Amino acid sequence: MSIGHTLLGLLESGPRHGYDLKRAFDEKFGHDRPLHYGQVYSTMSRLLKNGLVVVDGIEAGGGPERKRYAITDAGITDVQRWLATPEKPEPYLQSTLYTKVVLALLTHRDAADVLDTQRSEHLRSMRILTDRKRKGDLADQLICDHALFHLEADLRWLELTAARLDKLREAVAR
């Protein structure tokens with residue numbers, strides 16, 4: 001996820017302080033990985049330097065000054081460009097799990113055990129996500145669906161690989 005673009009997008013609804021940006025980010029996107037304040041302020045500093053935001057006001061308080069940031073026209077254009085650019089699909093051509101299966105075969109260990117252990121872990125994760133999805137709001141449901149679909153694809157791969165272990169054992173022994 002591009003944190004800079006996400007913060008810019010949040011600014012399109014109006015100027016905000018860094019604290020407010022962090023709170024909005026965490027509420028909408030950071031359920032599992034909230035932003036650190038330092039990350040917000042370093043990102044805002046970079047966006048300011050690049051002309052994508054301006055300081056719209058500074059408020060003095062009991063602590064440090066609070067800057068209110070506003071998005072510039074260049075920032076709006078940058079968000080629009082980012083939203084219009086498709087994400088590159090991840091082909092997963094180099095997988096740690098595949099490496100583990102092949103190494104198990106090369107070292108004469110039980111690759112089926114590796115697959116079974118991974119299958120159990122995937123199913124455990126799926127149960128947790130399904131429970132979270134059942135209790136969550138629409139945004140949480142969509143995030144969980146995305147993760148569940150990827151885990152389902154992994155499970156299909158685990159089953160296919162388990163069915164082909166003898167052939168894979170022969171192929172890696174050459």
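Using just the Cα positions, wrap region 16-114 in a convex hull and report its mean projected area in square nanometres, one decimal place.
On the way: hull surface 42.8 nm².
Result: 10.7 nm².
Calculate, for H31 and E170, the FRET efficiency according to 1/(1 + (r/R0)^6) with r their C-beta to C-beta distance and R0 30 Å; round to the nearest 0.05.
Numbers: r = 45 Å, r/R0 = 1.51.
Calculated value: 0.10.
Might you report the magnitude of the Cβ-based charge dipole of region 1-94 about its Cα centre, with Lys and Arg at +1 and Asp and Glu at -1, to the nearest 20 debye?
Working: 12 positive and 12 negative charges, 37 e Å.
Value, rounded to 20: 180 debye.
Put +1 on the Cβ of each Lys and Arg and -1 on the Cβ of each Asp and Glu in the chain; which of L168, S2, L83 then has its Cα farthest toward the positive end of the dipole?
Working it through, the farthest residue towards the positive pole turns out to be L168.
For the chain, give the magnitude of the charge dipole about the Cα centre (Cβ charges: +1 Lys/Arg, -1 Asp/Glu; no others), in debye to the nearest 20.
Details: 26 positive and 25 negative charges, 54 e Å.
It works out to roughly 260 debye.
Once amide H atoms are built 1.01 Å from N in the peptide plane, which residues 5 or more positions from D56, or in another chain, come under 5 Å H to H?
Placed amide hydrogens put R68, Y69, A70 under 5 Å from D56.
Could you compute the net charge surrounding L158? Neighbours are other residues with a C-beta less than 9 Å from the C-beta of L158; K and R count +1, D and E count -1. Each step should come with its number before you reach the end.
Numbers: positive: R119, R156; negative: D116, D154, E159.
Its environment carries a net charge of -1.
Beta carbons within 10 angstrom, averaged per residue: use that to sort the peptides 26-34, 9-17, highest first. Show your work: numbers first, answer last.
On the way: 26-34: 12.8, 9-17: 16.9.
Those peptides, ordered most packed to least, come out 9-17, 26-34.
With +1 on each Lys and Arg Cβ and -1 on each Asp and Glu Cβ, how big is the dipole of region 96-173 about its Cα centre, in debye rounded to the nearest 20?
Details: 13 positive and 13 negative charges, 12 e Å.
For this selection, approximately 60 debye.
Out of A60, L158, T107, whose Cα points farthest toward the positive end of the dipole of region 30-174 (charges: +1 Lys, Arg; -1 Asp, Glu; placed on Cβ)?
Working it through, the farthest residue towards the positive pole turns out to be T107.
When each pair of different Cα atoms in the chain is counted once in the 1/r mean, what is the Kirkwood radius in angstroms, to one decimal?
Values: mean 1/r = 0.0504 Å⁻¹.
Value: 19.8 Å, from the Cα pair sum.
If you count only protein heavy atoms with a 1.4 Å probe, what accessible area per residue comes out for the chain, rounded to a whole Å²?
Working: 11890 Å² over 174 residues.
Solvent-accessible surface per residue comes out at 68 Å².
Report the normalised scattering of region 96-173 as log10 I(q)/I(0) at q = 0.12, 0.13, 0.14 Å⁻¹, calculated by the Debye formula with identical scatterers on the alpha carbons.
Each listed q maps to, in turn, -0.42, -0.47, -0.53.
Rounded to the nearest percent, how much of the accessible area of the chain (1.4 Å probe, protein heavy atoms only) is carbon and sulfur? List each step's numbers first, then the result.
Details: 6580 of 11890 Å².
Here carbon and sulfur together make up 55 percent of the probe-accessible area.
What is the list of residues in region 26-59 whose amide nitrogen lies under 17 Å from a point 7 angstrom out from the Cα of A147, following Cα to Cβ?
Correct set: 26-35.
Under 11 Å from the Cβ of E59, count the other residues' Cβ atoms, weight Lys and Arg +1, Asp and Glu -1, and hand me the total. Working shown, then result.
Details: positive: R66, K67, R68; negative: D56, E65.
My count for the surroundings of E59 gives +1.
The values are calculated or read from the model by the stated rules, or taken from the named source; none is laboratory data. For clarity, every value in this text was computed on a predicted model and none was experimentally measured. Note: ideal-geometry Cβ built from the backbone for every residue, glycine included; neighbour counts use all protein chains shown. The area values use the complete protein model at the heavy-atom level, side chains included, leaving out ligands, DNA and RNA. Shrake-Rupley method; radii C 1.70, N 1.55, O 1.52, S 1.80 Å.
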